[in-house]
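First up is the structure itself, then whatever we jot down about it.
The values are calculated or read from the model by the stated rules, or taken from the named source; none is laboratory data. Everything numeric in this text was worked out from a predicted model, so none of it was measured. Every residue, glycine among them, receives a Cβ derived from its backbone with ideal geometry; neighbour counts consider all protein chains shown. Note: accessible area is taken over every heavy atom of the protein model, side chains too, but ligands, DNA and RNA are not part of it. Shrake-Rupley method; radii C 1.70, N 1.55, O 1.52, S 1.80 Å.
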2 protein chains.
Amino acid sequence: MTSRRVVIALGGNAMTGPDGSATPGAQRDALREASAHIADVVASGVEVVLTHGNGPQVGNLLVKNELAAHVVPPVPLDWCVAQTQATIAFTLTDELDSALIARGLPQRTAGLVTRTLIDVEDPGFREPSKPVGRFLPRDEAERFVSLGQVWEDRGEKGWRRVVASPEPRSVVDSPAIHALAAAGFVVVCAGGGGIPVADDGHDGSALRGVEAVIDKDLTAAILAREVDADTLVIATDVAHVMVDFGTPSARPLGRVTAAELREHAAAGQFARGSMGPKVEAALRFVESGGQRAVITSLEHIADAVQGDDAGTVLTA
Amino acid sequence: MTSRRVVIALGGNAMTGPDGSATPGAQRDALREASAHIADVVASGVEVVLTHGNGPQVGNLLVKNELAAHVVPPVPLDWCVAQTQATIAFTLTDELDSALIARGLPQRTAGLVTRTLIDVEDPGFREPSKPVGRFLPRDEAERFVSLGQVWEDRGEKGWRRVVASPEPRSVVDSPAIHALAAAGFVVVCAGGGGIPVADDGHDGSALRGVEAVIDKDLTAAILAREVDADTLVIATDVAHVMVDFGTPSARPLGRVTAAELREHAAAGQFARGSMGPKVEAALRFVESGGQRAVITSLEHIADAVQGDDAGTVLTA
């Protein structure tokens, strides 16, 4: 019997404190709560591949880079992404193993350092637009601009660094993820959208890290296709995708077709930095042949994997 | 046909510049060179599991912790170890994949975030002795002592932090390492001896990171037993273990039995912070049932895996 396989993309709320804090304690508490819901999914008998965001965690590393630059050479963004993969994976493997053991389940969790291929010709590199790290006053920001970074004036809050967010092309380590899932492991992988790598050899023979960050939901859509998942679950802090949000006609979307959701997206229903990429990821998964994508809150992921009654459920 | 399996422990020289620098560029250059030798081992038809040190890399992270502490809460040592696992694994997977492709080999590399179980009752916690991070003047060191850290007066160079280096008990993620190796991947794992975790539940149900560092060679010895490797290769910067080092009767050890090597060790032949743990790891592997351990330089690892004519070769 072949098991069903699902990819679950965890949002920031699964790994940061209520105030967005990414301290070790806040991260552990949040992941402990998330692990209970994930273990419920595993208990339902499906193979689970987990991926996750890393925004606040990368932000902290960039501040350290900056404040220690006179003693230790700063490391590039791809290194920062890698670092957050390991700290989040190790906390999550601890907490999820604990939840699996508490349920008497035989599966254990494995955390994989994961690279995602991007194209150096991606338009994202010509116009960096993804804000990262903390706000700084203009004079401090200008010091980093002189080092080649791109910073934008964000008004009252100050200046903020913007970086390229290229399209993910494929997850380099998908075969290893598949092997671990097939061997019965819950796999934590492709954190922060994966470590961005370019391939100067065009055959995998000359991979190198690139200064960029990749949208974790867009990577999740590719990952879900590459590991043959039937369902992509995007876990966030709301139970449903809303249309006409903030107006008297606001309503949650339940079951919806790709065509309908594309229409809502084209009408500008979803915010660029938050629900937009989640909707786009769900659409791409289904439009490229995936069976079903669900956007819902952590509390509903077990129901979302088992039926069509939880969250916003997208089918072809 | 079952393949032979070997564990190779890479020393600092495989991932830092000639001056010990752990900048991204120096790390990549060193790992590129190491990858050529590792790919030769893979080409000889054995399954390869790689582990590695992380001293200079952790040192850099501790400096960042320290200099950014007024803005970003410092992360504990277990987090630092995790961070170095990911940055080293990602560089090594890139470079080794490249070397494997160049040789027309089908294997690819996978980097696993790896936890190593320690005992919180380990005597190492009562008398921290492993130096980490940079030297500081007394007054600066005292600020960290007041925060609960242990620092030692190291004379002219200044003060240095010392941390616990408990015995590794088992590699929590060995089953995942085995699964990846069995699926044909070269596995990069247990970097820096593994992320130290204690188990408050005594059944794997309550793992949590612990502020400590684990000797990477001692972990390699346990890992090699747990993944059923026939050979443990400890790669360092010298071709052989020497006895009577620095005296007129200095001589390299070739083939040697565990009993002979134990005698040399008991006679204080090997320096505590450098060759000592390597010899101890080799001894433990063979004394606990492992077939063969070799200590040699990177250039000789392929020969060391294939025969008894390279390096210091230890058998029962």
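Key figures
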| read-out | value |
| --- | --- |
| Candidates B:V279, B:V210 - the one that is buried (at least 19 other Cβ atoms within 10 Å of the Cβ), farther than 24 Å from B:T93 by Cβ and within 14 Å of chain A (Cβ to nearest Cβ) | B:V210 |
| Residue within the range B:292-307 that is of a type in the set (D, E, K, R), over 24 Å from B:V227 (Cα atoms) and free of Cβ contacts under 8 Å to residues at least 60 places away in the same chain present | no |
| Selection status of B:A82, more than 18 Å from A:N65 (Cβ to Cβ) and either in a helix (DSSP H, G or I) or polar (S, T, N, Q) (or both) | no |
| Complete set of residues in the range B:93-112 that are open to solvent by 10 Å² or more (accessible area, probe 1.4 Å) and assigned to a strand (DSSP E or B) | B:R108 |
| Selection status of A:D78, facing another protein chain (nearest Cβ under 9 Å) and under 25 Å from B:T87 (Cβ atoms) | yes |
| Tally, over the range B:29-63, of residues that are within 17 Å of B:K130 (Cβ to Cβ), in a helix (DSSP H, G or I) and of a type outside the set (A, V, I, L, M, F, W, C) | 5 |
| Test: residue in the range A:7-19 that is touching a residue at least 24 places away in the same chain (Cβ under 8 Å) and more than 16 Å from the chain's Cα centre (by Cα) | no |
| Wholly enclosed strands (runs of 3 or more DSSP E) of the range A:129-213 bearing at least 1 residues under 22 Å from A:H52 (Cα atoms) | A:130-136, A:159-163, A:185-188, A:195-199, A:207-209 |
| Condition broken by B:A259, with the remaining ones in (1) in contact with a strand residue (DSSP E or B) (Cβ under 7 Å, 6 or more places away or on another chain); (2) free of Cβ contacts under 8 Å to residues at least 12 places away in the same chain satisfied | (1) |
| Selection count where residues are part of a loop (DSSP other than H, G, I, E, B) and open to solvent by less than 20 Å² (accessible area, probe 1.4 Å), scope the range A:1-26 | 5 |
| Any chance B:R32 is farther than 27 Å from B:F285 by Cα and modelled with pLDDT of 90 or more | yes |
| Residue selected from the range A:189-206 under the condition under 20 Å from B:Q83 (Cα atoms) and within 8 Å of another protein chain (Cβ to nearest Cβ), by the criterion surrounded by the most Cβ atoms within 10 Å (Cβ to Cβ) | A:I195 |
| Filtered residues of the range B:81-114 (kept if β-branched (V, I, T) and either under 21 Å from B:D29 (Cα atoms) or at the interface with chain A (Cβ under 7 Å from one of its Cβ atoms) (or both)) | B:T84, B:T87, B:I88, B:T91, B:T93, B:I101, B:T109, B:V113 |
| Segments classed as helices (runs of 4 or more DSSP H), wholly inside the range B:233-316, with at least 1 members that are among the β-branched types (V, I, T), under 16 Å from B:A9 (Cβ atoms) and under 21 Å from the mean Cα position of the chain (by Cα) | B:275-287, B:301-306 |
| One residue from A:G124, A:G155, A:G133, A:G148 being at pLDDT below 95, away from chain B (no Cβ under 14 Å) and surrounded by 18 or more Cβ atoms within 10 Å (Cβ to Cβ) | A:G124 |
| Scan of the range B:27-53 for residues that are open to solvent by 20 Å² or more (accessible area, probe 1.4 Å) and at negative phi, ordered by number | B:R28, B:D29, B:R32, B:E33, B:A36, B:H37, B:D40, B:A43, B:S44, B:E47 |
| Count - residues of the range A:54-65 that are within 10 Å of chain B (Cβ to nearest Cβ) and open to solvent by 30 Å² or more (accessible area, probe 1.4 Å) | 1 |
| Residues of the range A:215-232 satisfying the condition of being assigned to a loop (DSSP other than H, G, I, E, B) and either within 14 Å of another protein chain (Cβ to nearest Cβ) or out of contact with any strand residue (DSSP E or B) (no Cβ under 9 Å at 6 or more places or on another chain) (or both) | A:V227 |
| Meets criteria (in contact (Cβ under 8 Å) with a residue 40 or more places away in the chain, surrounded by fewer than 23 Cβ atoms within 10 Å (Cβ to Cβ) and either farther than 20 Å from B:M15 by Cβ or facing chain A (nearest Cβ under 9 Å) (or both)) for B:R169 | yes |
